Amino acid sequence: MSAPLRVLFVCHYLHHVVGGAEIIARKVVEGLGAAGWSVDSAVLGGPDPVPVNRSLEWRLPFGLRAGSLRGKQFAIYAGSLGIDASAARQILRGVGGVRYDLVVVHDTVSAGAGVRVARALGVPMVCFVYEPLPRLSPVQHGVGGPMLRVLTARANAVIRDAVSHARHRIAASRDTQRRLEAFAPGPPSTVVYNSAPEPARHHGRGEGLLFVGRLSREKGFDLLLEAWRRCPNRPVLSIASLDGPMAGEARAVAASLPGLRLLPPVPPSGMAEVDARHQVVVAPSAWPDPLPGAVLEARAFGRALLVSRLGGIPEIVEGYRPVRLVDVESGTGKAVQELAEAMGDLDAWATSTPDPIAEKAFRSRHSLRTQMDGILGVLGAQLRSR
């Protein structure tokens, strides 16, 4: 009997444990296992250095079965960029001469280490791309200074080399795919959308606005606050996060103006209930967000959407009726004006009834089955070609 095909799955701690993407990673690994492939894992980064070959069951929610590593997982502390050559060396020491057929890198943060490992093992690499490339410097949003610009340039150089040498790339949206192919042309790419949660059944349309996300300029929070201040008949605005550089400003506005509510932290399992209490979810992102989960969930839960016409957001709202798209690329003044006008006349657009045909297409495009079929189709083709 032939030996099982073995996949080395490389991911970054912050993207999977903190960012919540461990659900997707678990499904990918389970799908590979169901197809008869043996999977090992390498987790880059984390809040503290983690020694090689230490069990990560306590910190890594998905328990991977590592085949020849006898159920052990190993992690590499690679720093916030995850691009150090030392990370690749530690992975190679951890695998200890095991033969692999494919390296799968689940995020561009880990791409630098992943491509070095793939080259050393002499196997192809598939890379997931969940961010717009080239990576944008925080300086472009008024954060940080020259050192961050230098680090961003260095990260982009490493990422370009890595994704250019991948056998195949999986992009989170058509917009992300377009940016990827302009940034690093060459290898083929496939769009695989993230899955949306099952539609929640709630009565009533809710009241007011809800912002979910990091309180920062790249998420458009400054535009939202200014537009809300200017709106003469402003609705209640709830903030479901106090994370980010503008958290202090949010607290100051909440203390001085009625109608701004700061909600306690909400776990992912509680978002359906929070969404249901509000009429409109607002996401005026000023950077090309590939496929923001807050927008994806809000549509799945039937909430009206006030969002930017940028990144992968227009793809989420294709065919959706209760939506208002805002132009954030033509200047702050225009964006603020469009946001304020939409807030001031919610009944004109936010009460529209979703089209059943469009919603059926949305649920099919963003189903877990469609997502897993897309991912496993790409990985399976690479493994079969070995």
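The values are calculated or read from the model by the stated rules, or taken from the named source; none is laboratory data. The structure displayed is predicted, hence computed values, not measured ones. Every residue, glycine among them, receives a Cβ derived from its backbone with ideal geometry; neighbour counts consider all protein chains shown.
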Within the group ARG251, ARG201, ARG217, ARG234, which residue is within 20 Å of ARG324 (Cβ to Cβ) and modelled with pLDDT under 95?
ARG234
Residue satisfying all of: in region 227-276; touching a Leu at 6+ places or on another chain (Cβ under 8 Å) and charged (D, E, K, R); surrounded by the most Cβ atoms within 10 Å (Cβ to Cβ) among these
ASP275
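I'd like the full set of residues that are outside any loop (DSSP other than H, G, I, E, B) and in contact with a Lys or Arg (Cβ under 8 Å, 6 or more places away or on another chain), limited to region 224-254.
Step one: filter region 224-254 for residues outside any loop (DSSP other than H, G, I, E, B), giving 224-230, 237-239, 247-254.
TRP228, LEU237, SER238, ILE239, VAL253, ALA254, listed by residue number.
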Taking region 165-191 and keeping only residues that are hydrophobic (A, V, I, L, M, F, W, C) and over 18 Å from VAL123 (Cα atoms), one is left with ALA171, ALA172, LEU180, ALA182, PHE183, ALA184, VAL191
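Let's see how each residue does on (1) among the hydrophobic types (A, V, I, L, M, F, W, C); (2) in the same structural domain as TRP349 (by TED's automatic domain parsing):
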residue: ILE159; (1), (2): yes, no
residue: ILE170; (1), (2): yes, no
residue: LEU225; (1), (2): yes, yes
residue: LEU237; (1), (2): yes, yes
residue: ASP243; (1), (2): no, yes
residue: GLU249; (1), (2): no, yes
Keeping to region 263-291, report how many residues are part of a loop (DSSP other than H, G, I, E, B), closer than 20 Å to ALA247 by Cα and touching a residue at least 60 places away in the same chain (Cβ under 8 Å).
4
